[in-house]
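Notes for the one structure printed next.
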Amino acid sequence: MSKSTPLAAKLTNLTDHLLDLVYPQNLYCLCCEDTMEQSRIHGICDNCAKKINWLDHDPFRAALDEFAFDKVMSCCVYGFYPRKIMYGLKLHNRTYIAKNIGLLMAEKVRLEGGSFTAMVPVPSSPAKLKKRGYNQAELLAACAAKELGLPLWKDALEKTRETASLRLSTGQERRSILEGAFSVPESACAKVRGADILLVDDVVTTGSTADACAIALKDAGAKSVSVLCFASTARAFSEYEAEQEDQSCQRPAN
């Protein structure tokens with residue numbers, strides 16, 4: 001017999017339905033909230049799209065040796081508009097945003113290429129999930145997985161303990177806080193073993209959360225772990241820019 005849907009999930013579904021009636025999908029820009037052509041399937045008007053710093057490289061490319069994950073696919077730099085979009089999704093119960101951004105993330109995967117066994121969302125702790133009513137990474141992963149035709153393994157990774165707030169912590173402090181905070185349940189070990197995992201999160205900042213998740217997945221036998229996110233921090237972006245500048249300076253003049 002199937003379990004009844006939790007009240008929080010029912011309220012979220014009802015909110016989504018009402019918002020679709022009041023604010024038809026893609027009628028209002030997710031950034032400036034002005035009306036726009038409904039052909040803009042990502043929910044971002046042309047004017048705002050020009051103000052977002054879109055990425056065409058791996059923002060962690062220069063530091064991958066420091067992490068357990070193999071690559072990062074990020075749509076954009078975490079600036080004013082991406083922050084506004086993610087705050088709407090994470091903090092203001094605008095779960096319908098996941099449809100637009102999940103589609104954008106799926107397109108990023110198509111552009112980058114690669115073969116993946118399944119998508120795995122970065123899990124929330126039980127307490128945070130109870131408080132918010134949903135896991136934004138799971139919503140994004142569900143929409144992207146559906147678009148790409150990939151299985152979504154919601155049970156492949158779990159957060160086993162509460163952790164202190166990471167907001168003001170350095171990268172090293174975050175790694176210490178998150179050490180051992182994620183694990184692969186015994187029931188999921190068989191399918192994770194040998195799999196090429198696409199780990200999904202909304203934003204990657206220092207890479208510490210993704211790293212802790214990748215360690216758990218690889219300890220369980222995953223062949224590879226790539227990270228897919230909507231945005232990554234300017235810090236990672238500026239490191240790449242510095243690397244590019246150094247390479248440019250080292251090239252012999254024509």
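Table for the structure above
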quantity: Members of segment 136-160 found to be assigned to a loop (DSSP other than H, G, I, E, B) and either touching a residue at least 12 places away in the same chain (Cβ under 8 Å) or closer than 23 Å to SER125 by Cβ (or both), listed by number; calculated: LEU150, PRO151, TRP153, LYS154, ASP155, ALA156, LEU157, THR160
quantity: Positions within segment 141-160 being touching a helix residue (DSSP H, G or I) at 6+ places or on another chain (Cβ under 6 Å) and among the acidic types (Asp, Glu), in sequence order; calculated: GLU147, ASP155
quantity: One residue from ALA141, ALA156 being crowded, with 19+ Cβ neighbours inside 10 Å, closer than 28 Å to LEU30 by Cβ and modelled with pLDDT of 95 or more; calculated: ALA141
quantity: The one condition in (1) part of a loop (DSSP other than H, G, I, E, B); (2) within 12 Å of the chain's Cα centre (by Cα) that SER115 fails to fulfil; calculated: (2)
quantity: Odd one out for CYS189, checked against (1) modelled with pLDDT of 95 or more; (2) not aliphatic (A, V, I, L, M); (3) not in a helix (DSSP H, G or I); calculated: (3)
quantity: Residue check, ILE44 at pLDDT 90 or above, closer than 27 Å to ARG132 by Cβ and out of contact with any strand residue (DSSP E or B) (no Cβ under 8 Å at 6 or more places or on another chain); calculated: yes
quantity: Residue count, segment 34-77 (criterion: closer than 21 Å to LEU103 by Cβ and of a type in the set (Phe, Trp, Tyr)); calculated: 1
quantity: Considering residues of segment 41-73 that are of a type in the set (Lys, Arg) and in contact (Cβ under 8 Å) with a residue 40 or more places away in the chain only, the residue surrounded by the most Cβ atoms within 10 Å (Cβ to Cβ); calculated: LYS71
quantity: Residues satisfying the stated conditions in segment 75-92, i.e. out of contact with any Lys or Arg (no Cβ under 8 Å at 6 or more places or on another chain) and surrounded by 17 or more Cβ atoms within 10 Å (Cβ to Cβ); calculated: CYS76, VAL77, TYR78, PRO82, ILE85, MET86, LEU89
quantity: Any chance GLY194 is assigned to a loop (DSSP other than H, G, I, E, B), at pLDDT 95 or above and over 16 Å from ALA106 (Cβ atoms); calculated: yes
quantity: So ARG132, is it surrounded by fewer than 19 Cβ atoms within 10 Å (Cβ to Cβ), more than 29 Å from LYS223 (Cα to Cα) and among the basic types (Lys, Arg); calculated: yes
quantity: Lone qualifier among PRO82, PRO59 - being of a type outside the set (A, V, I, L, M, F, W, C), assigned to a helix (DSSP H, G or I) and at pLDDT 90 or above; calculated: PRO82
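The values are calculated or read from the model by the stated rules, or taken from the named source; none is laboratory data. Since the structure is predicted, the reported quantities are computational estimates derived from the model, not experimental observations. Positions of Cβ are generated from backbone atoms using ideal geometry, with glycine treated the same way; all protein chains shown enter the neighbour counts.
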